[in-house]
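Here the structure comes first, spelled out in structure tokens, and everything after it is commentary.
Nothing in this text is a laboratory measurement; each read-out follows from the coordinates by a stated rule. Quick caveat, the model's predicted, so the values are computed rather than measured. Positions of Cβ are generated from backbone atoms using ideal geometry, with glycine treated the same way; all protein chains shown enter the neighbour counts.
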Amino acid sequence: MNRRLPPLNSLKTFEAAARHLSFTRAADELFVTQAAVSHQVKALEEFLSMKLFLRRNRALLLTEEGQSYYLDLKEIFRNIQDATERLVARGAKGAITVALPPSFAIQWLVPRISHFSQLNPDIDVRIKAVDFDEGFLSDDVDVAIYYGKGNWSGLVADKLHTEFLTPMCSPLLFQSSKPLAHLDDLRHHVLLHDSSRDAWKGWLKKTNVLGVNVNQGPIFSHSMLVLQAAALGQGIALGHSVLARPEIQSGRLVCPFEEKLITNNAYYFVCQQSQADLGKIVAFRQWLVEQVQQDQEDEDFI
């Protein structure tokens, strides 16, 4: 059977007034006027058809019914507060499953993830490498890092890195007999391709480089494979600045030219709108942003 509940705002106001035995102090706590407190208490008394307070010589007293009601509500509000605190605490703990491209996982996230675990020992990170994003999160994934333009319907998307493309190669290539001083010298070297030949075609077109045979050179399914091949001296890769950072910093790869082109796509942190404020997700997002900011402070590493 459905039961009609008293106005919840009136209950909250009554509990504060009964605890302080003062409409004035209750008003201060609730950030309302004394008249508003009086109105809410009167509305509750009318709903219950009984008096809850007595006024004696400028003092506020509880009736017997009011005292009994206050003790019950005090316990109820305490239980609500405890339940809320437990829920928030649970949201900041447990496991968080992160889906992301294998190359980004290996080159960027995995080397850093122990730092997150040290800061958040109650959050167990589970990394799920995926080759393609479908524009939605499966039930077994809490958050993801997608590469694209940030327009995934129904998902919260926070841009992480803006990246650029520039040719990269092993320092060993400078020891060969083939020149590598100008962009035109690319025609003397093997080009390494990531997924397709489109990236090199677009880059050479935008930089007005002619005479380079883009239809030669091996094609790799993942960016990390392209970088590995380049580091081994097998050719020149059109490297992503974010993914190539470890190889550049270690000296395994160098950038022979100054020409860099900002990509149209970027890496984004994404999650469901309904879970964006969950404690563990907030903690992971904030940590990611801090890591990216540190990267950007050193953005001239290439």
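What share of the DSSP beta bridges in the stretch 163-262 is antiparallel, in percent to the nearest 5?
65
Cα to Cα, under 28 Å, and not fewer than 8 places away if on the same chain: which lysines meet these conditions relative to Lys51?
Counting by Cα, and skipping residues close in sequence, Lys51 has these lysines nearby: Lys12, Lys42, Lys74.
Once you list every other residue whose beta carbon is under 10 Å from the beta carbon of Lys74, what net charge do they have if Lys and Arg are +1 and Asp and Glu are -1?
-1
In square nanometres, what is the average projected area of the Cα convex hull of the stretch 8-91?
5.9
Please list, or write none, the lysines whose alpha carbon is within less than 24 Å of the alpha carbon of Lys159, excluding same-chain residues fewer than 8 places away.
Lys128, Lys149, Lys260, Lys280
Take the Cα coordinates of the stretch 163-262, assign each an equal point scatterer, and use the Debye formula without solvent to give log10 I(q)/I(0) at q = 0.13, 0.16, 0.24 Å⁻¹.
-0.37, -0.58, -1.48
Under a plain spin-label model, where a point goes 7 Å from the Cα along Cα-to-Cβ, how far apart in nm are Thr63 and Ser38?
So the label points at Thr63 and Ser38 sit 1.9 nm apart.
Using a 10 angstrom cutoff on alpha carbons, build the Gaussian network for the chain and name the most mobile of Gly235, Gly251, Gly148.
Gly251
So what is the calculated 222 nm ellipticity per residue for the chain, using -39500 (n - 2.57) for each DSSP H run with n of 4 or more, over all residues, to the nearest 500 deg cm²/dmol?
-12500 deg cm²/dmol
Using modelled backbone amide H atoms (1.01 Å from N, in-plane), which distant-in-sequence or interchain residues come within less than 5 Å of Gly239's amide H?
HN-HN under 5 Å from Gly239: Thr166, Met168.
Are there trypsin sites (Lys or Arg not before Pro) in the stretch 28-69 that DSSP puts in a loop and that have at most 16 other Cβ atoms within 10 Å, and which ones?
Answer by residue number: Lys51, Arg58.
Counting pairwise Cα distances across the stretch 214-302, what percent come out greater than 19 angstrom?
54
Rounded to the nearest 5, what % of DSSP beta bridges with both residues in the chain are antiparallel?
So the antiparallel bridges in the chain amount to around 65 percent.
If the convex hull of the alpha-carbon atoms of the chain is projected onto planes in all directions, what is the mean projected area in square nanometres?
22.9
How do Phe164, Phe284 rank when sorted from fewest to most other Cβ atoms within 10 Å of their own Cβ?
If I rank by nearby Cβ atoms, fewest first, I get Phe164, Phe284.
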